[in-house]
Amino acid sequence: MATAIVTGASQGIGACIAKRLAKDGFDIALNHYPSDSDKANAEKVAEECRAFGVKAELFAADVSKYDECEKMVKDIKEAFGSIDALVNNAGITKDGLLARMKESDYDAVIAVNQKSVFNMTKFAASVMMKQRHGRIVNVASVAGLYGNAGQMNYSASKAAIIGMTKTTAKEFGSRNITCNAVAPGLIRTPMTDVLSDELKQKMIEAVALKRYGEPEEIASVVSFLVSDDASYVSGQVIEISGALSM
Ligand code: NAP
């Protein structure tokens, strides 16, 4: 059985990706932030994954921390035997106009959204290299493609992920490892629930399809990218935004 790691899988897009890959037949290593509430949420997601007849286990780690990622990947390899797919999904926002953005808000977003991809890719790809097989999908954002006022930190982290995706594809391609990114637009999750109604409305008006995207619409593209059908797709960024113009 193939194994997929999904980071930040306790809610939102990550939870949905975990369930979709379980449905596809992957055993799932669900990463969650080390807190009681995240653990409880992740356990519910794991239950839903197991309903598809696959193995699903929780792995608590703050993915911005190098040592925690190293230990988590080692534990996952021991528990599952292989690591076939890695979905770097965990992410946060700490929005604000640049003039008012605190240095700590910049650093925190870069650490969780960008450094986590360095950490997880480094350790998981080392396992994949020995297997001569692997699929990596990074969850970027339209903010990384076009920029977004009030998101200097977030757009920097997501643009970086796009560069990291292309570099990973080039470095590991000869070992039959693909790496791609998805760039979601406005997706209905706890991350966007906190936006003001006025801002949500303004953003939806900029979407050609005139609606939110659903987490399932991200998960289905990730499902394709980790499948055999995507064996010659690497180094690409797939925008999933309903034709958003920013
Ligand atoms: P979400 O509902 O807030 O979920 C993010 C998940 O990541 C949460 O479970 C969160 O745990 C976890 N996480 C945060 N920091 C972590 C850390 N240091 N270690 C481990 N896990 C951590 O957000 P979402 O909307 O599903 O977003 C998922 C991904 O899609 C993110 O990378 C986001 O940037 C990207 N994205 C989202 C949208 C959108 O419109 N929703 C658009 C473009 C891109 P906590 O709850 O404990 O923080």
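Fewest first, what order do 38, 197 take by the number of other Cβ atoms within 10 Å?
Values: 38 18, 197 7.
In order of increasing Cβ crowding within 10 Å: 197, 38.
Can you tell me how much longer the chain between residue 167 and residue 74 gets when fully stretched, taken as 0.36 nm per residue apart minus their C-alpha distance, in nm with one decimal?
Between residue 167 and residue 74, full extension yields an extra 31.1 nm.
Nearest 10 degrees, 0 to 90: what angle lies between the long axis of helix 152-172 and the longest principal axis of the chain (Cα atoms)?
Relative to the chain, helix 152-172 is tipped by roughly 30 degrees.
Give me the Debye-computed log₁₀ of I(q)/I(0) at q = 0.16, 0.25 Å⁻¹ for the stretch 12-106, equal point scatterers on Cα only, no solvent, two decimals.
-0.70, -1.39
Note down, for the chain, the three equivalent ellipsoid semi-axes (square root of 5 times each alpha carbon gyration tensor eigenvalue), biggest first, whole angstrom.
Details: eigenvalues 146, 72, 69 Å².
Semi-axes from the Cα gyration tensor: 27, 19, 19 Å.
For the chain, set up a Gaussian network in which alpha carbons nearer than 10 Å are linked by springs, and say which option among 35, 157, 64 fluctuates the most.
35
Could you tell me the calculated FRET efficiency between residue 66 and residue 193, based on Cβ-Cβ distance and R0 = 35 angstrom, to the nearest 0.05?
Values: r = 31 Å, r/R0 = 0.88.
Efficiency, from the Cβ-Cβ distance: 0.70.
What ranking of 178, 192 emerges when the number of other C-beta atoms within 10 Å of each C-beta is taken as an exposure proxy, fewest first?
Values: 178 24, 192 17.
Fewest-to-most ranking of 178, 192: 192, 178.
Whole number please: convex hull volume per residue, Cα atoms of the stretch 90-160, in Å³. Walk me through the numbers on the way to the answer.
Values: hull volume 5.1 nm³, N = 71.
Looking at the stretch 90-160, the number lands at 72 Å³ per residue.
Tell me, in nm to one decimal, what length is gained between residue 36 and residue 108 on full extension, where the rule is 0.36 nm per residue of separation less the Cα-Cα distance? Display every interim value, and only then the final one.
On the way: separation 72, 0.36 × 72 = 25.92 nm, distance 2.09 nm.
Length gained, residue 36 through residue 108: 23.8 nm.
Please give the contour-minus-distance gain from residue 146 to residue 23: 0.36 nm per residue of separation, less the Cα-Cα distance, rounded to one decimal in nm.
That works out to 41.0 nm of additional length.
Going by C-beta contacts inside 10 Å, put 7, 165 in order with the fewest on the left. Could the numbers behind the result be given before it?
On the way: 7 29, 165 25.
Neighbour counts put them in this order, fewest first: 165, 7.
Run through the stretch 184-232 and list the chymotrypsin sites (Phe, Trp or Tyr not before Pro) located in a DSSP loop whose Cβ has at most 15 other Cβ atoms within 10 Å.
Working: sites: 212, 224, 232; in loops: 212, 232.
Within the stretch 184-232, the qualifying chymotrypsin sites (Phe, Trp or Tyr not before Pro) (loop, at most 15 other Cβ atoms within 10 Å) are 232.
Quick check: convex hull of the Cα atoms in the stretch 110-213, volume per residue, rounded to a whole Å³? Could you put the intermediate results ahead of the total?
Details: hull volume 11.5 nm³, N = 104.
With only Cα atoms used, the stretch 110-213 gives 110 Å³ per residue.
Of 60, 33, 7, whose Cα points farthest to the positive end of the dipole of the stretch 1-116 (charges on the beta-carbon: +1 Lys, Arg; -1 Asp, Glu; origin at the Cα centre)?
Positive-most Cα among the choices belongs to 7.
Over the chain, with a Gaussian network built from C-alpha contacts below 10 Å, which listed residue (139, 233, 63) shows the highest mean-square fluctuation?
233
Taking the Cα-to-Cβ direction at residue 200 and at residue 131 and moving 7 Å from each Cα, how far apart do the two end points lie in nm?
Here the answer is 3.8 nm between the modelled labels.
Each reported figure results from applying straightforward, stated rules to the coordinates on display, with no laboratory input. What you are looking at is a predicted structure, and each value in this text was computed from that prediction instead of being measured. Counting neighbours? That spans all protein chains shown, and the Cβs are built from the backbone with ideal geometry, glycine included.
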